[in-house]
């Protein structure tokens, strides 16, 4: 069976997947963090396994003594040692499982925290291009898949490998000849494992990526449900979903086929080990090369090999899935850090774009040679038809994206080269996508200003006309909101985001449909309230409701990735161009 053809990726630029070297490096980091706990688990399992080896050794000695004559006291001593070994094995096994479970929980917590910390630190432009589906899939599906690997598969595989080595060592001590017979299936094991290992890791990574693609498509379809319905794109989205599901199922079947060939071969290998030890060992006894007691011990040890091999069979598949998921989690660490030039500081508040070109993909520019000057304290409106490049230009002016060519500067300093934290203090982007975090309303507001007191929080809410609905909440600012708490409507969530903006107090704002979730009358009222708060600040508004453009100092009309008109509202209406047509159309509809 051939592996499925790798499907071409869509327009979104997926986050990277960690290289094998990066995964190994991260695993070593986890081992170093928890080396004491890991060493304790290995030591406890070693003691438990050594205790487990005592039983076959005692039984072999007992068989040997019975064949030559023995006493009741010798049998009693052998039974005592056997029972003592069983008790010790049970005790240390239970202790090691407890320590393994604790270690697994701590490692899993580290995985979650490391992923979350790195995710929130990713450059905004990287997240915008990758889309939310891939990141959400890594933070949910991949961590869920790792859950079982970390808690059970890794500890038990360590036990299995350790047990395998100890049993083979015990066989060598018992009889080198029996050790050789137990390894008779090793060439077959190495050959089939090499075949499997060359195919399985990439297959599991491709399966995980295909599953993420399904999640991404479903998330996009749900998020854009109204658009899909309005444009009658339902059939197209269903076909796309079916295609992604088909690609995932193809990879799933391929990995299943790999397992169906490799696992029976492994079963045959350890069956061969027991049979060879019994048959050849019997011949060795007849020739006098080993004793009956050695044969008894050797056969029992050969049978004990099946336990570790069964564990490897049981968990290796899980570990492959976990390895693929871990590579996806580690991949976020391979996104280059954007540290910026600490020496770059804006000298003033003048925003300037010079001959800016930008495209989401190589050779496909969205913006073509845009030049724009935004004076401090002015209000600029970007208008134009959908898909003209207004939102892309807004993100460039906010420092979210770096231009492909040309430059965007604030006070003479390039935004793309400045440290991200400094850019965010100077310029803020607010769009129609707002999030309510789990916690109190006060906690949500203080994300923008951790030291703000209640008076400042109330002033920010009043500034965005949110005071009325906050007053009727059960516990006011202490009301729990978000998942599991009080549910805020989309307009209320938007007002909350704007209140955070007021508290953040940046001197330059880029507003992309920041009031789109409010009805026109409420939006107009909110904008009037905000205008008082934003007095003296630089505001770049991407205007879909043209009353925003009407109130602006200057209007830039964006068409086809270029600025086609530039001027004040009266001048552009008088010019009779694209803006005048948009204004008349919007006014007539209103």
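The values are calculated or read from the model by the stated rules, or taken from the named source; none is laboratory data. The shown structure was predicted, so the numbers you read here are calculated from the model rather than taken from an experiment. Positions of Cβ are backbone-derived with ideal geometry, glycine not excepted, and every protein chain shown enters the neighbour counts.
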Would you mind telling me which numbered condition in (1) outside the structural domain of residue 400 (by TED's automatic domain parsing); (2) at pLDDT 80 or above residue 359 fails?
-> (1)
Evaluate the range 523-542: report whether one residue or more is over 21 Å from residue 377 (Cβ atoms), in contact with a helix residue (DSSP H, G or I) (Cβ under 6 Å, 6 or more places away or on another chain) and modelled with pLDDT under 80.
-> no
Determine which single condition residue 238 fails, assuming it passes every other condition in (1) surrounded by 13 or more Cβ atoms within 10 Å (Cβ to Cβ); (2) part of a helix (DSSP H, G or I).
-> (1)
Do we have residue 205 as modelled with pLDDT under 75, closer than 20 Å to residue 318 by Cα and surrounded by 16 or more Cβ atoms within 10 Å (Cβ to Cβ) here?
-> no
Write out, first by first residue and then by second, each pair whose Cβ atoms fall under 8 Å of each other, whose residues are 6+ apart or on separate chains, and whose first residue, in the range 465-484, is at positive phi and surrounded by 14 or more Cβ atoms within 10 Å (Cβ to Cβ) while the second is at pLDDT 85 or above and assigned to a helix (DSSP H, G or I).
-> 476/441; 476/470; 482/444
Flagged pairs (Cβ under 7 angstrom, 6 or more apart or on separate chains; first in the range 235-252, more than 11 Å from residue 214 (Cα to Cα); second in a helix (DSSP H, G or I)) are 237/221; 237/228; 251/203; 251/206; 251/207; 251/210; 252/207
Out of all the residues in the range 334-343, is one or more in contact with a helix residue (DSSP H, G or I) (Cβ under 9 Å, 6 or more places away or on another chain) and within 16 Å of residue 407 (Cβ to Cβ)?
-> yes
Considering the range 483-509 alone, what residues qualify as being within 15 Å of residue 430 (Cβ to Cβ) and either touching a strand residue (DSSP E or B) at 6+ places or on another chain (Cβ under 7 Å) or not assigned by TED's automatic domain parsing to the domain that holds residue 459 (or both)?
-> 497, 498, 501, 504, 506, 507, 508, 509
Hits in the range 402-423 - residues which are within 29 Å of residue 494 (Cβ to Cβ), in contact (Cβ under 8 Å) with a residue 24 or more places away in the chain and outside any loop (DSSP other than H, G, I, E, B) = 408, 410, 420, 422, 423
State yes or no: is residue 54 part of a helix (DSSP H, G or I), at pLDDT 85 or above and in contact with a helix residue (DSSP H, G or I) (Cβ under 7 Å, 6 or more places away or on another chain)?
-> no
So, in the range 553-590, of the ones that are assigned to a loop (DSSP other than H, G, I, E, B) and in contact (Cβ under 8 Å) with a residue 40 or more places away in the chain, which residue ends up farthest from residue 534 (Cα to Cα)?
-> 560
Yes/no for residue 474 being assigned to a loop (DSSP other than H, G, I, E, B), under 27 Å from residue 411 (Cβ atoms) and at pLDDT 75 or above | no
Would it be correct to say that residue 21 is surrounded by fewer than 12 Cβ atoms within 10 Å (Cβ to Cβ), at pLDDT 75 or above and more than 30 Å from residue 220 (Cβ to Cβ)?
-> yes
How many of the residues in the range 205-224 are over 19 Å from residue 331 (Cβ atoms) and part of a helix (DSSP H, G or I)?
-> 6
Do we have residue 426 as loosely packed, with under 15 Cβ neighbours inside 10 Å and at pLDDT below 90 here?
-> no
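Okay, residues lined up against (1) modelled with pLDDT of 80 or more; (2) farther than 14 Å from residue 435 by Cβ; (3) under 28 Å from the mean Cα position of the chain (by Cα); (4) not in a loop (DSSP other than H, G, I, E, B):
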{"site": "488", "(1), (2), (3), (4)": "yes, no, yes, no"}
{"site": "494", "(1), (2), (3), (4)": "no, no, yes, yes"}
{"site": "497", "(1), (2), (3), (4)": "yes, no, yes, yes"}
{"site": "500", "(1), (2), (3), (4)": "yes, no, yes, yes"}
{"site": "503", "(1), (2), (3), (4)": "yes, yes, no, yes"}
{"site": "506", "(1), (2), (3), (4)": "yes, yes, no, no"}
{"site": "509", "(1), (2), (3), (4)": "yes, yes, no, yes"}
{"site": "517", "(1), (2), (3), (4)": "no, no, no, no"}
{"site": "521", "(1), (2), (3), (4)": "no, yes, no, yes"}
Among the residues of the range 368-393, write down those that are in a helix (DSSP H, G or I) and modelled with pLDDT of 90 or more.
-> 393
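Yes/no matrix, rows are residues, columns are (1) crowded, with 16+ Cβ neighbours inside 10 Å; (2) part of a helix (DSSP H, G or I):
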{"residue": "251", "(1), (2)": "yes, yes"}
{"residue": "262", "(1), (2)": "yes, yes"}
{"residue": "271", "(1), (2)": "no, yes"}
{"residue": "279", "(1), (2)": "no, yes"}
{"residue": "286", "(1), (2)": "no, yes"}
{"residue": "289", "(1), (2)": "no, no"}
{"residue": "295", "(1), (2)": "yes, yes"}
Tally of residues being closer than 20 Å to residue 392 by Cα, surrounded by fewer than 16 Cβ atoms within 10 Å (Cβ to Cβ) and touching a strand residue (DSSP E or B) at 6+ places or on another chain (Cβ under 7 Å) across the range 540-584 = 2
Considering residues of the range 392-405 that are out of contact with any helix residue (DSSP H, G or I) (no Cβ under 9 Å at 6 or more places or on another chain) and surrounded by fewer than 19 Cβ atoms within 10 Å (Cβ to Cβ) only, the residue nearest to residue 371 (Cα to Cα) = 405
Subset of the range 66-79 [at pLDDT 70 or above and under 22 Å from residue 173 (Cβ atoms)] = 74, 77, 78
Any idea which of 365, 355 is touching a residue at least 12 places away in the same chain (Cβ under 8 Å), over 30 Å from residue 227 (Cβ atoms) and part of a strand (DSSP E or B)?
-> 355
